[in-house]
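To start, the structure itself, in structure tokens.
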Amino acid sequence: MIDLDTGTFYMLVGTVLFGIGFYGLIAYPHLLRKILAMNIMGIGVFMIFIAAAYGSGEGDPDPVPHALVITGIVVAVCATGLALSLAVQVQALTGSPKLDADKE
Amino acid sequence: MSDNSYDDVRLTPARRFVLAMMALLVGGLAAAVLSIEEEVIELRDLALGNLEASGVGNPVTAVLLNYRSYDTFLEVAVLLLALIGIWAVAKKARIPIKSPNTPVLITFERLFMPLMIVSGGYLLWLGADRTGGAFQAGAVLGALGVLWVAASLWTPNDRLRRLTRPALVVGMAAFLLVGGGMMLLGGDFFEYPREDAKTWILLIETAATISIGITLVMLFIGGIPPNADQNKGESGDHD
């Protein structure tokens, strides 16, 4: 039987978040939705890292994944800003918030 | 179906297929997560064991600014690169710097500005020994800047505007000067002097906080803030 401690539980929740985000990224054409979906995928990964740092919950958490996650959050914010800017530009140039290949 | 409409979220057969694939993926990932052995990474003991030599008491700060300061340096560079990318695709600021003044927002801003600056500084200082640090402090200052832009307190002819670009790069400059300076003095890149590593770390973090805060505000504005003379002619948005 699986021994489900707190760290493992949050890791599993992280994988589910990643899947939800990946589905949103693939299944829907609106660029804003894709950007949000990408962020949800990222949050899933961060959650797995933080849960890995927590480990079994005994002793101090591992600071290295924490540092990776804070770096990841900053990079995610940057990427989101740039992606939003590009999406706005796509809307301004084509009049549509969706890419040509995705139009129904 | 018009182009501007929101997504049709009905579960089409194609989406059902994607959903099934995702369920498989999540199942695989979950199996992988469950199979991770405890204590496969020995970095934890290395990071915690050398805390004394790092000059700071917070292990996360020690990793970010001492053991792996090269990563943090490049992270500050990524912030700057993202902003350069935004400025390349959107020349004009998307959030108008001049927006309708609202007394509530302005009063709120004036009351909270000193508080936010103090708490930002406190988070920065706290980062050496507890939870906090340059990114957290930069986020508080960035939020202050966003409120500032929203309340129109930041007018384009402000002296602050001229300080924007220097403030954007001061974090990277401090990193390069300290890291490169150590190399010139015969050490390794980012090898701080042992006895006062904390001073150098705080110095770099202070500069980084300023850059991070300003960069976040610039990301929010979404374009190059207009000059005072540019702003006179074009108050409306004619994109």
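Taken together, the values in this text are just the output of simple stated rules run on the coordinates, not laboratory data. Since we're looking at a predicted model, the values are computed, not measured. With ideal geometry, Cβ positions are generated from the backbone for all residues, glycine too; neighbour counts draw on all protein chains shown.
Of note:
- Working from Cα pairs under 8 Å separated by at least six residues, relative contact order for the stretch B:56-228 is 37 percent.
- Taking every DSSP helix (H) stretch of at least 4 residues in chain A, weighting each as -39,500 (n - 2.57) and dividing the sum by the residue count yields a mean residue ellipticity at 222 nm of -26500 deg cm²/dmol.
- Kirkwood radius for the protein assembly as shown, taken over all pairs of different Cα atoms as the inverse mean of 1/r, rounds to 22.5 Å.
- Net charge contributed by nearby residues that have their C-beta within less than 13 Å of A:ALA83 (K/R +1, D/E -1): +2
- Max mean-square fluctuation residue, GNM over chain A, Cα-Cα springs under 10 Å, options A:LEU12, A:LEU93, A:LEU82: A:LEU93
- Per-bin percent of Cα-Cα distances, the stretch B:56-228 [5 Å]: 1, 9, 16, 19, 18, 14, 10, 7, 4, 1, 0, 0
- Of interest is the spacing of the C-alpha centroids, which for the stretch B:98-143 and the stretch A:38-104 amounts to 24 Å.
- Lys pairs under 20 Å by Cα in the protein assembly as shown, provided they are eight or more residues apart or on distinct chains: 5
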